[in-house]
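Visitor: Let me begin by handing over the structure; questions about it come next.
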Amino acid sequence: MKKIVGAVAVASLLAGAASAADISFSYTGSNYFKSSGGNLSFDDRTDCMSLEIKSETSGVVLDFDTTDGKTLAQDEYYGWMKFGLPAGELQLTAGVWNGRYVNRVNTDAGDLDGEDFELYKPGIINGAWGEDSDNLTEGKISMVAAYTNDDLLPGKLFAKFGLVKSTWDPTAASATTNTSDGDVTDSDPIFNAGFVGEAAYRQEGLVDVNFAVKSLVAKQTSYGIFVSPLMVENLEAMVGFTFAGKNAWNTTSWGKFNKEFAIDLRARYQFSDTFSMTTMHNISCFYDSDAKDDGTVLWDMINANFKMAENLAIGCTANFKFDIAKSSLYRAKNPYDGFDLVTSPYLAIQATEKVAVTTAVRIEALGINPHKDGNESFDITVPVIFSFNY
């Protein structure tokens, strides 16, 4: 599969170079300072560099990251090619990337993300199978075919199918040879990829809806449906539902398989040219039939963004998470029983058309539980982010 991915990426690059191509480059450097003994000290640094070369029919993206400002690692690399069809258009993409479709309603995030804005992606929070459910390729080696048609319906119809690197059957036995008589026992069918698919429809001024399915391991599947209304001026919104399970179709009993689901609700409203507010909400529930246990995670986020001048914005984001998960299956991902509160007032400066500087003060209170003394932890982090786009 790696050879096929490499061939498609090289073909995309050569095709792009052979025709008139647009070249873009971006760099983001993030420095993090932490409070220690009342003083701010350097804690971490990350860099992200991305190069894109594209034409109307093909393109390639190379993305490199660093950790601690030292170790360089390739993050994303993929190529794509488009082919005109008698009805519609086909795009083939291969490489390593995160493939999301849904509107995450993060217009005001700027260079802030994660703890400072969008704490979780749409899907099941800390889910075993449905986390980030709209991300079909999950940053793994993938091959995806996407079909679009603008003429069949009043809006745009979109369908996607792909293979993503994965161990489809972790229990598959390899071929063995008997040492005494030399008899060979054939291996089980071994397939090093999972399956993903998506269908979407967008009609301007009406609605944008998509349905995503992922099954990267046998008997483990997630389903996500997301709807964004487009008929209200100055409003961005998204409502989504994700369901995921293991061995879901091997039994007719609801209580005899592991399952999880989540509801997402996000909205942003532009009150004026200078002021906007964003809210994000998620409730994730799961049932672990092995441990005979269940749990719920509730996440709420609110952001207010005020544009003081053409090149200056201030705002504040508050993330609140309440976790009553019990099962050990989910405790491994999130060790706290209680609630977390993260607030991030920030300042964003658009120094020039291509250069921006953003800083914030992230105040974290984690694991707050009135029934557990000493469970809490408090932390202050100051990110300073420089970005350049060409």
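The values are calculated or read from the model by the stated rules, or taken from the named source; none is laboratory data. Since the structure is predicted, the reported quantities are computational estimates derived from the model, not experimental observations. Note: ideal-geometry Cβ built from the backbone for every residue, glycine included; neighbour counts use all protein chains shown. Areas reflect the complete protein model, heavy atoms only, side chains present, ligands, DNA and RNA absent. Shrake-Rupley method; radii C 1.70, N 1.55, O 1.52, S 1.80 Å.
Visitor: Do you know which residues across segment 124-147 are closer than 30 Å to Val384 by Cβ and either within 12 Å of the chain's Cα centre (by Cα) or not polar (S, T, N, Q) (or both)?
Guide: Ile125, Glu131, Asp132, Asn135, Glu138, Gly139 - these are the residues of segment 124-147 that are closer than 30 Å to Val384 by Cβ and either within 12 Å of the chain's Cα centre (by Cα) or not polar (S, T, N, Q) (or both).
Visitor: Now a separate question. What single numbered condition from (1) without any contact (Cβ under 8 Å) to a residue 60 or more places away in the chain; (2) in contact with an Asp or Glu (Cβ under 7 Å, 6 or more places away or on another chain) fails to hold for Lys140?
Guide: (2)
Visitor: May I ask you to list the residues in segment 232-255 that are part of a strand (DSSP E or B), open to solvent by 40 Å² or more (accessible area, probe 1.4 Å) and at pLDDT 95 or above?
Guide: Answer for segment 232-255, where residues must be part of a strand (DSSP E or B), open to solvent by 40 Å² or more (accessible area, probe 1.4 Å) and at pLDDT 95 or above: Leu235, Glu236, Val239, Phe241.
Visitor: Quick check on this structure: which one of Lys54, Lys70, Lys34 is surrounded by 15 or more Cβ atoms within 10 Å (Cβ to Cβ) and closer than 28 Å to Glu364 by Cβ?
Guide: Every option except Lys34 fails the conditions.
Visitor: Another question about this same structure. Being in contact with a strand residue (DSSP E or B) (Cβ under 8 Å, 6 or more places away or on another chain), outside any strand (DSSP E or B) and not hydrophobic (A, V, I, L, M, F, W, C) is the filter here; which residues of segment 20-78 pass it?
Guide: Once the filter is applied, which keeps residues that are in contact with a strand residue (DSSP E or B) (Cβ under 8 Å, 6 or more places away or on another chain), outside any strand (DSSP E or B) and not hydrophobic (A, V, I, L, M, F, W, C), segment 20-78 yields Ser55, Glu56, Thr57, Asp68, Gly69.
Visitor: From the list Ala199, Ala212, Ala193, which residue is within 21 Å of Lys140 (Cα to Cα), at pLDDT below 95 and open to solvent by less than 70 Å² (accessible area, probe 1.4 Å)?
Guide: Of Ala199, Ala212, Ala193, the one residue that is within 21 Å of Lys140 (Cα to Cα), at pLDDT below 95 and open to solvent by less than 70 Å² (accessible area, probe 1.4 Å) is Ala193.
Visitor: Keeping to segment 300-311, report how many residues are within 25 Å of Glu353 (Cα to Cα), open to solvent by 60 Å² or more (accessible area, probe 1.4 Å) and free of Cβ contacts under 8 Å to residues at least 40 places away in the same chain.
Guide: Counting residues in segment 300-311 that are within 25 Å of Glu353 (Cα to Cα), open to solvent by 60 Å² or more (accessible area, probe 1.4 Å) and free of Cβ contacts under 8 Å to residues at least 40 places away in the same chain gives 3.
Visitor: Ok, one more. Would you pick out the residues in segment 73-97 that are polar (S, T, N, Q) and open to solvent by 60 Å² or more (accessible area, probe 1.4 Å)?
Guide: Gln74 - this is the single residue of segment 73-97 that is polar (S, T, N, Q) and open to solvent by 60 Å² or more (accessible area, probe 1.4 Å).
Visitor: Can you tell me how many residues in segment 339-365 are more than 23 Å from the chain's Cα centre (by Cα), open to solvent by less than 40 Å² (accessible area, probe 1.4 Å) and at pLDDT below 95?
Guide: 1
Visitor: If you take the residues of segment 131-148 that are open to solvent by 10 Å² or more (accessible area, probe 1.4 Å) and outside any loop (DSSP other than H, G, I, E, B), which of them is nearest to Ala94 (Cα to Cα)?
Guide: Of everything passing the filter in segment 131-148, Met143 is nearest to Ala94 (Cα to Cα).
Visitor: Considering each of Lys2, Lys54 in turn, give the residue that is modelled with pLDDT of 85 or more and of a type in the set (Lys, Arg).
Guide: Result: Lys54 is the single residue among Lys2, Lys54 that is modelled with pLDDT of 85 or more and of a type in the set (Lys, Arg).
Visitor: Let me ask another. Considering segment 208-231 alone, what residues qualify as being in contact with a Phe, Trp or Tyr (Cβ under 6 Å, 6 or more places away or on another chain) and either closer than 17 Å to Ile124 by Cβ or in a strand (DSSP E or B) (or both)?
Guide: The answer is Val209, Asn210, Val213, Ser215, Gln220, Ser222, Tyr223, Ile225.
Visitor: Take the residues in segment 348-371 that are outside any strand (DSSP E or B) and out of contact with any Gly (no Cβ under 7 Å at 6 or more places or on another chain), then tell me which one is nearest to Leu312 (Cα to Cα).
Guide: Only one residue tops the list, namely Gln350.
Visitor: Which of the residues belonging to segment 58-90 are of a type in the set (Ser, Thr, Tyr) and out of contact with any helix residue (DSSP H, G or I) (no Cβ under 6 Å at 6 or more places or on another chain)?
Guide: Thr66, Thr67, Thr71, Tyr77, Tyr78
Visitor: For segment 312-338: of the residues being over 17 Å from Gly114 (Cβ atoms) and modelled with pLDDT of 95 or more, which is surrounded by the most Cβ atoms within 10 Å (Cβ to Cβ)?
Guide: Result: Ala313.
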